[in-house]
1. Dipole of the stretch 10-149 (Lys/Arg Cβ +1, Asp/Glu Cβ -1, origin at the Cα centre): which of TYR43, VAL89, CYS11 lies farthest to the positive side?
2. Ranked highest first by average number of other Cβ atoms within 10 Å, how do 204-215, 387-398 line up?
3. Of all accessible surface on the stretch 117-269 at a 1.4 Å probe, what whole percent is carbon and sulfur?
4. Within the stretch 46-87, report the GluC sites (Glu not before Pro) that DSSP leaves as loop and that have at most 16 other Cβ atoms within 10 Å.
5. Report the Cα-based extents of the stretch 1-128 along its three principal axes, largest first, to the nearest Å.
6. Restricting to DSSP loop positions (anything but H, G, I, E, B) with no more than 12 other Cβ atoms inside 10 Å of their own Cβ, which trypsin sites (Lys or Arg not before Pro) remain in the stretch 1-106?
7. In a solvent-free Debye calculation with one equal scatterer on each Cα, what is log10 I(q)/I(0) for the stretch 81-208 at q = 0.18 Å⁻¹, listed in the order of the q values?
8. Please state the charge dipole magnitude for the chain, taken about the Cα centre, from unit charges on C-beta atoms (+1 on K and R, -1 on D and E), reported in debye and rounded to the nearest 20.
Amino acid sequence: MSQETLLRIECIRCGASAGQAPFHAGCPLCAERDEHANFRTVYDLERARPAFEPEAMAGREVDMWRYDALLPFAAGEAVSLGEGGTPLVAAPRLARRVGVRVLWIKDESRNPTWSFKDRSNAVGATHARALGSPALVVSSTGNAAAATAAYARRAGIPAIVLVAKSVDPIMSGFVQSYGAHVVMTETKPDRWVMMKHCVEAWDCYPTGNYQTPPVGLNPYMTDGYKTIGFEIWEQLGRRAPDWIFAPAGYTNGLAGIFQGFQELAAMGLAAVPHLGAAEIYGSLVRAIEEGSDVVQPARIDRPTVAISIGTSQNTYQAVAAIRGSGGTATQVADEEILSAQERMIESEGMFPETTSATGLAALIRELEAGRISRDAEVVIVMTSTGLKSLNVTAHLRPPVPMAHSVESFSEVLKATYGFNPEAE
Ligand SMILES: [Zn+2]
């Protein structure tokens, strides 16, 4: 059963209807032309609009299902752990440091498995349960894996999680702790081969991309990310900021935020903000610069601290969101990411996953290049917590020193941390 406001599913590129076909793999017509694209939901906005009036919203729970008039399932039928309703934290010191008028941090680490992926997986698990899928399946070494594992449990469905050999043992342990069937493959591409087999031969429900070239998420799950946009809009007093920056691997998050603001705009409730995509290897940057609709793979020429978006090839949905919002794509380097993470901690006491600091790194780059006004109001989406990438930054921290007496305690504070409690 799905919502009465949901009219149809259509291709984001050619507009063709998905009909009743399984829509995980994207549009078959566009794939034939080698212009791969995924599908989106289309809602009856006139019918949904009353649910977005302040009086209607006042009585709703503060979670993502308060916007269920524009989600494929009603709050009452959702597989939910209370995802969404995350704070939009003012960051005045950070704003001064980077030189922009107003800065907010949308803290998605407050979700049930501590990342924004809980929003899409709540919808995915609800959908999989409605379809009677035998299992959820995902290829991921991080946030998506944890969210899939948790929501599978909540739905009472098994989860299969494919990880690469390079997986962080903290993350594989985390995912296994939810009871997921975690399986390692020799190479990263092998994970998609196995995942495709799960979907096509066993009818498992994919909660992430498995297509080559990638197209991104299915339209129901993308809808989960629209609620990040709806919340920002409501938290700012029913208006849009000038810019929203976020990490962009396959750019599912920003694509959902874009669609959410497009729907708000069509209902006459907000403008569409400019979207800033932070990338590692530059495939999206190149497509935007060249004005191309087709994202070509970039060369993975180095490892990155932003593991969650360490992908060589972005998606058409990213191009559509950046171009459609008058936004930017920015390639950021490891030093910039680590420096941005440090600034978020130092200035505001917020600890992002390394990947989640890429949005700030991109904003800083764009401000310095003069491509964004210093008078702008900007939201950074902090997609997940720094606890997820502790191993990535372990070498940056000093070993924890031992104090054997009060005297040595004060020496240790001075020597290791430069803190002198006796100095005035
Ligand atoms: Zn199409």
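The values are calculated or read from the model by the stated rules, or taken from the named source; none is laboratory data. Note that this is a predicted model, so its numbers are computed, not measured. Because the Cβ atoms are built from the backbone with ideal geometry, glycine has one as well, and the counts that use them run over all protein chains shown. Note: areas computed on protein heavy atoms with side chains; ligands, DNA, RNA excluded. Shrake-Rupley method; radii C 1.70, N 1.55, O 1.52, S 1.80 Å.
1. VAL89
2. In decreasing order of mean packing, 204-215, 387-398 become 204-215, 387-398.
3. Roughly 52 percent, rounded to a whole number.
4. Qualifying residues, ordered by number: GLU61.
5. Projected onto its principal axes, the Cα set of the stretch 1-128 covers 50, 38, 30 Å.
6. Within the stretch 1-106, the qualifying trypsin sites (Lys or Arg not before Pro) (loop, at most 12 other Cβ atoms within 10 Å) are ARG33.
7. The computed values of log10 I(q)/I(0) come out as -0.88.
8. 280
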